[in-house]
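Structure first, then comments.
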Amino acid sequence: MSLLELDGVKVHFPIKKGVLVDRTVGHVYAVDGVSLKVEAGETYGLVGESGCGKTTLGRSVLRLVDITEGSVVLDGTDLAKLPGEEMRRFRRRLQMVFQDPLGSLNPRQNIESILSEGMIAHGIGKDQEERREKIKAILDKVGLPSNALARYPHEFSGGQRQRIGIARALVLEPDVIICDEPVSALDVSVQAQVINLLEELQKELGLTYLVIAHDLAVVRHISDTIGVMYLGSLVEEAPSDALYAEPKHPYTKALMSAVPVPDPEVEDKRERILLTGDLPSPANPPSGCRFHTRCPWAQAERCATERPQLRDIGGGHRVACHYAEDIASGKLSLTKGEVVSATREGVEDNPEPDDPETGTSAEDTPAKIPAQAEKTAKDEKPAEASEEPEKAV
Amino acid sequence: MSVATKTDKIQRLAELTATKETSTGASLWREAFRRLKSSKMAIIGAVIIAVFVVIAVVGPYLTPYAPTAQTWRGEVFPNQGKFVGPRGENWFGLDHLGRDMFSRMLVGARQTLLVGVVSTLIGLVAGFLIGGLSGAAATLGGEAGKRVDSVIMRFIDMMLALPSLLLAVSVAAVMGQSLTTVMIAVGVVQVPVFARLLRGSMLAQGGADYVLAAQSLGVRKRRIVTSQIVPNSLSPVIVQATLSLATAIIEAAALSYLGLGNPDPAIPEWGVMLAQAQRFFDNAPMMAVYPAVGIIITALGFTLLGEAMREALDPKLRG
Amino acid sequence: MSLLTVDELTVTFGGRGRKESRAVDGVSFEVDQGQVVGLVGESGCGKSVTSLALMGLLPAKGLTIGGRAEFDGTDLFTMSPSARRDLRGSEMAMIFQDPLSSLNPVVPIGVQVTEILERHRGMKGEAARKEAAHLLDRVGIPDPARRLKEYPHQLSGGMRQRALIAMAVACAPRLLIADEPTTALDVTIQAQILELLKELVDQEGTALLMITHDLGVVAGLCDQVNVLYAGKVVESAGRRELFAHPTHPYAHGLLGSIPRLDAPRGEPLNPIRGSINDRIAWADGCAFAPRCDRYEMGCLTGTPQLGEPRAAGHQVRCVNPVLDDAKAEEVPA
């Protein structure tokens, strides 16, 4: 059995309106039926763009938001049904690392106090002396000097603060650590330090991670399995290398093609799938497949009416698309959107002799894209929800 | 590369980086205090307040004459417009009953300070409890908590809707004329101000990531409120308390002026003195000027310090 | 002659009793017509301050600007404020990172666009409105006539950035300065905006000064790349040259520390140690030395100068540059 299993998790936030008495006028379907399994000692990467519900899903695992429906099973215990006090005690086994390293540390507590807080809450350590010893050991593990104890969060750099955030999770010796955008607030040169630290700690302590991030390159680097979310549900899930080698879902294809690679040689050969329209509002999700309003391969039948379920297509690859096989085999062509070169056409280069056909060699293209449709972004049918993107808030 | 040059370069690098020693263990409060110390406004305010407090504490023992003794009764004829101004034996002159104004000012300082501090404390403590309860209920109490908060806040809104002086007058009218009345009346006026301020501040902090982090650590809700939310919500309340001392003194003076203050002539108070002087303003303006200037300078001191604290505690200026 | 020539630009904050800090410390670069030049660096490297200084958008008090910046032969810093204002918006325009805070929240998009047309192009009434709709259409905003009446909060992040670009290109500027234009956006929206910028450059011949921290964005867009560290250009080269042979240890380390989408899983990252706070003053030596594995005694004695240790036109500010090409071998051809 997997260490952490989510089954049909839904988190719906009511939208309330009213002068004196609040009436529920609708729901934001932040997470709308997600099932996934995280194996012990592995890293599950959850990737998606803002508004896809990945952060809410991460918080729902810790019950920091109420779960509307479904179960979150950690090591045989269904967290969704635990009463408050038991859930509080269970949180020791599930910890979280936050995106904003400064904002997630209480500015008025020093490091010792911040790191003691969780231990006190769970009755770890006889006295402060014992706790301090443990904290010192953890600080050493995350690469901070022990004289950090008496200092305050604002006296550290961004990378060091994130180390403190990781140490805070580690002192409780959790089974699973949920990392919500652990590096996106950090400078590029510092991100690698934190990524390496997370990997080292996993090796050393056998930790299980659920990493939530928007940066596909980071997620791909760190994860064993990747789940791609779109508008509250998983659209694709596969082992990291399989997902990269052959993304099956149109959204994953577009997402992956959009990530720039810091290498002109590679960029010159890549193509980008440009999606049309904006992300629909999660308060008013499209019928059928949530992605059909923007999908470059959307078909007239099924896509708008029937919601595709995640189905196994072999090799641990799960995808929620009616036409995944047809798209992969090139049977279907683009119906909207645009495929463009990743590199600007007019870029002035002195092309190196070994690379005469810039942008034309298709065999290395990571995402194989069927014949480009002669359509531009302008004559698209605008996605309906793009008209009121703020309504959900 | 030889070992010698290697240590050399490390040493040189250490020298160059050593110039900016990182501070160790300075809490936000201490940093705010450091900023406060370097603010001219704060120092002027603090000096004024210190002088005022010293006068209030030791003043009554330094009075050259008893403040109530009508020693020079025979020299003052209010009906004929004949008053005695400053002179060698009476530095501030005499009041309308022939009492020494200087002695009365010294004794009055203590009363004024007492009114300011006690009424602000009443407002602060009551406001803190109400606002804290409301804020805690709203941030971590779930649906039921939101309802509790809503009820408390509507009540506070009602209090705020009344003009503050009218509220004070009503309280004074119910309780009768006394110094205690003035203190309570002025204090009650401050309650909704503090309550709203603390609640708003707590609500803002309640959404912060570190509160979420504490929740995910499994910290108990009560402790999240006391150790995470409240300490971070105090800054505006502290500033407001300082500023309130100034308004409390002015409002107490206003109530006294309206005749709701302490009727006991044995205990002079600046507000009462100002009220009494009003009748004789045409012939003896100085009788009003002394208490008025006293009130203004004191209020100014508290305001200056409060504003300086607001700046020092502003998280945007950190660093 | 270049369209924009920046020569030894310095921006110093503080002074007059307060501690001075130099955000931009002698930055020089050129932008030609139809060229895309990248200013790349992490927070605190001075890239945004440079762009604001060029646009004349820095506050007048509390800082001093030194050096020269010539736009089409005229010195920007000696120009009269009104001439500068005329230039800004018509000849040179800027796009910011956060489109929401750069748009006036209480004025409809249409009014904000027509205002520019009225001010700089002297258009009026119906003509201005038509042109505004045309501009929105040009930047790929669907249903422009209706969008003109909407307020910024009614648009999505990507649409807002498009609207901002529409305003920036309203007068067909010759130079567009884009300060992290896609950082606040999702990656699929980023792809759309980058495509739009590419079109502008290739079709209209607009020069683009691209300011970003994302080396990936630079790789497919810029002709010339300047890498900034602590207020100075540490490396400057054409995009192929720079990515194939990063020669300054900072640029080299940066490229080695970024997780790449196309790198096989399990390939370790080589982070740069420390943070931007670990630096020494340029006057004492190389600001990057405390984080550098290659620093020598020579790095700690005086400011290193730009040289061309590898190839002509590939400038590197380093005493001990990376010349052994370890990086080039790693990259699969």
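FYI, it's all coordinate maths here, none of it is from the lab. The structure presented is a predicted model; accordingly, all values stated were derived computationally and were not measured. All Cβ positions, glycine included, derive from the backbone under ideal geometry; neighbour counts span all protein chains shown.
A few remarks follow.
- Neighbouring Cβ atoms from other chains, within 10 Å of the Cβ of residues in A:181-189, number 5 on average.
- With R₀ set to 60 Å, the beta-carbon distance separating residue C:118 from residue A:345 gives a calculated FRET efficiency near 0.95.
- Extended-chain gain in nm, criterion 0.36 nm per residue less alpha-carbon gap, residue B:97 and residue B:11: 22.8 nm
- Computing FRET efficiency as 1/(1 + (r/R0)^6) for residue C:273 and residue B:162, where r is the C-beta to C-beta distance and R0 is 51 Å, gives about 0.25.
- Its relative contact order, with pairs defined as Cα atoms under 8 Å and 6+ residues apart, puts chain C at 19 percent.
- Low-density loop positions, trypsin sites (Lys or Arg not before Pro), the stretch C:4-74 - DSSP coil, at most 15 other Cβ in 10 Å: C:16, C:61
- For the stretch C:235-330, averaging the sequence separation of C-alpha pairs within contact (under 8 Å, six or more residues apart) and dividing by the residue count gives a relative contact order of 33 percent.
- Relative contact order %, chain A, counting alpha carbon pairs below 8 Å whose residues are six or more apart: 17
- Free of any chymotrypsin sites (Phe, Trp or Tyr not before Pro) that DSSP assigns to a loop and that have at most 14 other C-beta atoms within 10 Å, the longest stretch within chain B is B:92-280.
- Point-to-point label distance, residue B:278-residue A:326, nm (Cα→Cβ direction, 7 Å offset): 8.9
- Reciprocal of mean inverse Cα separation for chain A (Kirkwood radius, Å): 22.9
- The stretch B:88-128 and the stretch A:91-106 have Cα centres separated by 53 Å.
- Relative frequency of Cα-Cα separations exceeding 20 Å in the stretch A:23-167, percent: 59
- Residue A:200 paired with residue A:245, simple spin-label distance in nm, labels 7 Å along Cα-to-beta-carbon: 3.2
- Helix-derived mean residue ellipticity, 222 nm - over the protein assembly as shown, DSSP H n ≥ 4, -39500 (n - 2.57), to 500: -13000 deg cm²/dmol
- Kirkwood Rh, Cα atoms: Rg over Rh of chain C: 0.99
- Set A:126/A:203; A:54/A:269; A:136/B:9; A:37/B:146; A:336/C:198; B:40/C:61 screened for pairs whose C-alpha atoms are more than 27 Å apart: A:126/A:203; A:54/A:269; A:136/B:9; A:37/B:146
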